[in-house]
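Peer 1: Quick one: this structure, given as structure tokens, is what I'll be asking you about.
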Amino acid sequence: MPADTKDARVVKVAHLPDTERLLHIQKQPGILAVLAFYEGFPVSSTGNGDYEQIAAVAEDFLRSGKKTARDMKMGTLGQITLEAGEKKCIIVPCGDLFLCMVTRADVNLGLIRLAVRTLQAGER
């Protein structure tokens, strides 16, 4: 592969949440795993899971959500929440990345939103 092609694949991410910030979210009751991803690829993660698969599936879910929001003229996508069986999957934007959180079904979504807003604001 030519050097210029190889360099074209490198993506600069301006807002990369560090592991400590992801751990802050994962410490919330009911959170099983937290993954920061970009275009279907895992960037940073905490907890247990197959992060390659989670990132790929979350990217598909995110694209479908964006299309649905656009087609329904709902505005910019703020969050996607999927509830199924004994778990939930929450996807939110975070700078240049997206966060995917896998939780137990009984998680308090209000606490999760508060922790995510803090991370999105770059505080903590």
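Peer 1: Those residues that are of a type in the set (Lys, Arg) and modelled with pLDDT of 95 or more, I need them from the stretch 18-65; list them, please.
Peer 2: Hit for the stretch 18-65 is Arg63, nothing else.
Peer 1: Give the number of residues within the stretch 17-53 that are touching a helix residue (DSSP H, G or I) at 6+ places or on another chain (Cβ under 9 Å), farther than 21 Å from Leu109 by Cα and outside any strand (DSSP E or B).
Peer 2: Result for the stretch 17-53: 2.
Peer 1: How many residues are touching a helix residue (DSSP H, G or I) at 6+ places or on another chain (Cβ under 9 Å) and assigned to a strand (DSSP E or B) if we restrict to the stretch 89-124?
Peer 2: Counting residues in the stretch 89-124 that are touching a helix residue (DSSP H, G or I) at 6+ places or on another chain (Cβ under 9 Å) and assigned to a strand (DSSP E or B) gives 12.
Peer 1: A further question follows. Just one of the numbered conditions (1) modelled with pLDDT of 95 or more; (2) within 15 Å of the chain's Cα centre (by Cα) is not true of Gly95; which one?
Peer 2: Among (1) modelled with pLDDT of 95 or more; (2) within 15 Å of the chain's Cα centre (by Cα), Gly95 violates only (1).
Peer 1: For Met74, which of the numbered conditions (1) touching a helix residue (DSSP H, G or I) at 6+ places or on another chain (Cβ under 9 Å); (2) of a type outside the set (D, E, K, R); (3) modelled with pLDDT of 95 or more; (4) surrounded by 15 or more Cβ atoms within 10 Å (Cβ to Cβ) fails to hold?
Peer 2: For Met74, the exception is condition (4).
Peer 1: Then there is this: Quickly run through the stretch 59-74 and pick out the residues that are assigned to a helix (DSSP H, G or I) and more than 15 Å from Cys89 (Cβ to Cβ).
Peer 2: Passing the criteria: Lys66, Lys67, Thr68, Ala69, Arg70, Asp71.
Peer 1: Next up: Return the pairs, sorted by first residue and then second, in which the second residue is surrounded by 22 or more Cβ atoms within 10 Å (Cβ to Cβ) and assigned to a loop (DSSP other than H, G, I, E, B), the first residue lies in the stretch 86-100 and is at negative phi, the beta carbons are less than 9 Å apart, and the residues are 6+ apart or on different chains.
Peer 2: Final answer for the pair search is Cys94/Pro17; Leu97/Pro17; Leu99/Pro17.
The values are calculated or read from the model by the stated rules, or taken from the named source; none is laboratory data. Keep in mind it's a predicted model, so treat the numbers as computed, not measured. Virtual Cβ from ideal backbone geometry, glycine too; neighbours counted across all protein chains shown.
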